[in-house]
Amino acid sequence: MSETQGYVNSSIENSIATIEFFHPASNSLPGAILNKLAETITEVGNNDEAKVIILKSAGEKAFCAGASFDELIAINDAAGGLQFFSGFAKVINAMRTCPKFIIGRIHGKAVGGGVGLAASVDYAMATEYASVKLSELAVGIGPFVVGPAVERKMGLSAFSILATDATEWRSAGWARDRGLYAEVWSSTGEMDEGIKVLAEKLAKSSPEAMAELKKVYWQGTEHWDTLLTERAAISGRLVLSDFTRNAINKFKAK
């Protein structure tokens, strides 16, 4: 995967693993990056050298723009739709089953699947620029795959607000007050220092205790392997509609 197509990189230093993803289109998530991200989270989670994981994206603008519009518009049957949206299910389930705590570094705006990533980390740090939007309904789909993760973290009320008012941004403070973000910082420098302090604390904590505590955090989600695949099929079917294709083409033309 070349840099023009995006990448997923990982490194481990002083027991702290960092996983970074990038795509030139505002860190959007095509299928190749979704699959690589899921694989990397699983691999690092099983690496005894890593005690804690930091998940981040590259650049200084958007944290993640969600699904790749180019790939969405190229889907031509329900099987292809299921395959694409299952990529989001794989990433969420990889984070859910990872035995290591995952700290999210949310430096900028998160849209759609990006909100799903923020909801699936175990402790999300954000800047005040990290506003959120679940835009799926505006293009005729709906946040079906990321919905369980967002609802788990924020509650049904906040999830329904984001999912229903699909064109409006909600501030990082709004997201923090509803549980999506643990902390919101005024600058990336302050956020990075906060992440460093927390990661170093966790790197010195008991791996066994953290793994058991993570199971507690995610209790009641054991059926998500099936649930998220079922939700991916719904999105995969809806993306074929004329409404969705017309809406995506309008967004791409802006």
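Tabulated data
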read-out: Any hit, the stretch 136-144, residues being closer than 27 Å to residue 16 by Cα and surrounded by 24 or more Cβ atoms within 10 Å (Cβ to Cβ); value: no
read-out: Top-ranked residue of the stretch 161-171 - restricted to ones that are out of contact with any Ser or Thr (no Cβ under 9 Å at 6 or more places or on another chain) and in contact (Cβ under 8 Å) with a residue 24 or more places away in the chain, ranked as surrounded by the most Cβ atoms within 10 Å (Cβ to Cβ); value: 162
read-out: Subset of the stretch 116-133 that is among the hydrophobic types (A, V, I, L, M, F, W, C) and in a strand (DSSP E or B) - its residue that is nearest to residue 217 (Cα to Cα); value: 124
read-out: Only one of 67, 74 that is at pLDDT below 95 and surrounded by 22 or more Cβ atoms within 10 Å (Cβ to Cβ); value: 67
read-out: From 153, 214, 201, residue being in a helix (DSSP H, G or I) and loosely packed, with under 13 Cβ neighbours inside 10 Å; value: 201
read-out: Selected residue (criterion: modelled with the lowest pLDDT) from residues of the stretch 1-50 that are in contact with a Pro (Cβ under 9 Å, 6 or more places away or on another chain), surrounded by fewer than 17 Cβ atoms within 10 Å (Cβ to Cβ) and not hydroxyl-bearing (Ser, Thr, Tyr); value: 3
read-out: Qualifying positions in the stretch 51-64 - crowded, with 16+ Cβ neighbours inside 10 Å and not aliphatic (A, V, I, L, M); value: 51, 56, 57, 63, 64
read-out: Number of positions in the stretch 137-156 that are more than 17 Å from residue 218 (Cα to Cα) and either touching a residue at least 40 places away in the same chain (Cβ under 8 Å) or in contact with a Lys or Arg (Cβ under 6 Å, 6 or more places away or on another chain) (or both); value: 6
read-out: Test: residue in the stretch 172-194 that is within 21 Å of the chain's Cα centre (by Cα), farther than 15 Å from residue 123 by Cβ, free of Cβ contacts under 8 Å to residues at least 40 places away in the same chain and not in a helix (DSSP H, G or I); value: yes
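A quick yes/no check of all residues on (1) under 17 Å from residue 50 (Cα atoms); (2) buried (at least 17 other Cβ atoms within 10 Å of the Cβ); (3) at pLDDT 95 or above; (4) not β-branched (Val, Ile, Thr):
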| position | (1), (2), (3), (4) |
| --- | --- |
| 177 | no, no, yes, yes |
| 181 | no, yes, yes, yes |
| 208 | yes, no, yes, yes |
| 219 | no, no, yes, yes |
| 228 | no, yes, yes, yes |
| 242 | no, no, no, yes |
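The values are calculated or read from the model by the stated rules, or taken from the named source; none is laboratory data. Just so you know, these numbers come straight off a predicted model, no measurement behind them. Quick reminder, even Gly has a Cβ in these numbers, built from the backbone with ideal geometry, and neighbours come from all protein chains shown.
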